[in-house]
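The values are calculated or read from the model by the stated rules, or taken from the named source; none is laboratory data. This one's a predicted model, so the numbers in the text were calculated from it and none came from an experiment. Because the Cβ atoms are built from the backbone with ideal geometry, glycine has one as well, and the counts that use them run over all protein chains shown. With ligands, DNA and RNA removed, areas are computed over all heavy atoms of the protein, side chains included. Shrake-Rupley method; radii C 1.70, N 1.55, O 1.52, S 1.80 Å.
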Amino acid sequence: MGAAAAEVVAPPRPTSAKRRSTTLKFLFELEKPDGVVPGTAKLPPPSPEPEADSLIDKIASCNRVFTFADDAADECEEERDAKRERLVEVLGAVRSSGSAGNKQQQPLDHRVMVALLKMVGANLFRAMPPSAYPALLPPDGVDEETPVMVLAPSWPHLQVVYDILLSVVTASDAKTLRHHVDRAFLSSLLALFRSEDPRERDRLKTVYHQLYSKLTCERAFMRRSMAAAFLRFVYEASTAERHCGAAELLEICGSIINGFAVPLKEEHRAFLARVLLPLHRTRWVHTYHRQLAYCVLQFVHKEPGLADAVVTDILRHWPVTNCQKEVLLIEELEEILEVLEPKHFQKLAVPICARIARCVSSYSSQATFLYTCMLEIQIQRSTTSPCRHTASGIGPAPY
């Protein structure tokens with residue numbers, strides 16, 4: 001044969017897909033860690049709407065307010081207990097939704113938040129009863145017949161409602177709170193500080209402070225609102241009206257002032273001069289003086305130059321017949337002067353010693369002792385003090 005036959009090469013066969021194994025091991029490996037087998041659709045999570053609807057109904061059933069009055073014909077003890085049980089269940093649901101240890105933590109539903117704040121307003125925002133304190137008290141505010149505290153009869157319900165509100169504020173982020181807590185709600189909360197029940201005011205203090213820390217956009221409004229409440233105590237309230245809530249509000253202010261940056265803003269200095277210092281003039285200063293002195297001392301710590309205005313204002317409105325108030329102011333002056341450097345004390349030495357000269361012969365042995373201690377402190381702190389030792393004791397030097 002002449003030509004060699006060309007070798008016929010068969011074209012490559014297309015590779016077929018690898019045959020799937022049907023062994024038991026392969027079938028086990030197909031299963032995903034989440035339990036979903038390929039080729040099957042994952043079931044959606046159960047809808048929270050039925051559970052939210054049930055919670056909303058339970059919250060709405062707590063809107064009825066009980067007065068706990070003995071002559072209330074439409075109230076019975078069983079109904080009051082039933083409402084408290086429902087409130088406790090609502091509190092448990094709110095706490096479980098905001099629990100840090102809950103891996104499936106979900107923010108509170110919008111409808112639930114609306115129902116919760118509506119229920120809180122229905123139970124808390126109320127007109128305060130007439131004061132249980134007598135209209136006339138002795139100048140120093142002390143009377144053996146004056147009740148130490150006045151307790152709200154509806155506290156078994158109010159306590160749980162405050163716990164619910166605090167849990168809502170703690171569990172919610174700032175964005176959620178901005179959508180549900182408006183200025184009218186904040187103003188209504190502030191008005192509740194007039195309650196004569198110290199347990200309610202203590203709960204209010206915690207809630208209001210938490211709201212201040214989260215609602216950064218409303219901080220200026222909340223400071224103005226507290227300042228207006230203080231000014232009402234000083235200039236509008238009657239002398240017989242007890243300044244309930246002033247101590248708790250001043251505790252909040254003390255925490256706020258502690259966070260002020262240095263140098264202080266002009267509005268912060270104005271708050272000291274126009275709001276805090278006039279609080280020394282009221283009849284009820286003994287009920288909140290400890291918190292007031294702390295706030296003033298924070299300002300002096302941050303800017304020692306403010307001590308001149310503080311001491312001058314305190315000396316200008318010095319009490320004449322109220323011995324208890326006189327002792328409180330002496331203690332406050334002593335705390336202020338202890339933190340001052342000698343150079344700042346020089347401007348204050350003369351007016352302070354002049355006041356000591358007029359009060360050293362006070363009938364109050366406690367006041368006289370405090371005057372003497374304060375004077376000795378200043379003699380040790382300043383080598384140019386205008387006070388001198390005399391044969392009869394410590395007295396003012398002539399000037």
Residue in the range 265-287 that is among the acidic types (Asp, Glu), over 20 Å from Ser195 (Cβ atoms), assigned to a helix (DSSP H, G or I) and open to solvent by 10 Å² or more (accessible area, probe 1.4 Å) present = yes
Can you name the number of the only condition in (1) aliphatic (A, V, I, L, M); (2) over 15 Å from Ser154 (Cα atoms); (3) open to solvent by less than 70 Å² (accessible area, probe 1.4 Å) that Ala73 fails?
-> (3)
Residue check for Arg194: out of contact with any Gly (no Cβ under 7 Å at 6 or more places or on another chain), under 13 Å from Leu124 (Cα atoms), in contact (Cβ under 8 Å) with a residue 12 or more places away in the chain and open to solvent by 20 Å² or more (accessible area, probe 1.4 Å) | no
Within the range 208-242, track down each residue that is surrounded by 14 or more Cβ atoms within 10 Å (Cβ to Cβ) and β-branched (Val, Ile, Thr).
-> Val234
Filtered residues of the range 332-352 (kept if assigned to a loop (DSSP other than H, G, I, E, B) and open to solvent by less than 10 Å² (accessible area, probe 1.4 Å)) | Leu340
If only one of Val65, Val90 is of a type in the set (A, V, I, L, M, F, W, C) and either closer than 19 Å to Leu166 by Cβ or open to solvent by less than 40 Å² (accessible area, probe 1.4 Å) (or both), which one is it?
-> Val90
Residue, modelled with the highest pLDDT, within the range 100-127, restricted to residues that are surrounded by 13 or more Cβ atoms within 10 Å (Cβ to Cβ) and part of a loop (DSSP other than H, G, I, E, B) = Phe125
Taking first residues from the range 72-95 that are farther than 20 Å from Ala115 by Cβ and second residues anywhere that are in a helix (DSSP H, G or I) and of a type outside the set (S, T, N, Q), the pairs with Cβ under 8 Å that are 6 or more apart or on different chains are Arg80/Pro156; Arg80/His157
Mind checking whether some residue in the range 310-319 is touching a His at 6+ places or on another chain (Cβ under 9 Å) and either open to solvent by 40 Å² or more (accessible area, probe 1.4 Å) or at pLDDT below 75 (or both)?
-> yes
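Would you point out which residue out of Leu136, Leu166 is part of a helix (DSSP H, G or I) and either touching a Ser or Thr at 6+ places or on another chain (Cβ under 8 Å) or at pLDDT below 65 (or both)?
Step by step, each of Leu136, Leu166 is checked, and only Leu166 is part of a helix (DSSP H, G or I) and either touching a Ser or Thr at 6+ places or on another chain (Cβ under 8 Å) or at pLDDT below 65 (or both).
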Could you tell me whether any residue of the range 292-305 is surrounded by fewer than 15 Cβ atoms within 10 Å (Cβ to Cβ) and part of a loop (DSSP other than H, G, I, E, B)?
-> no
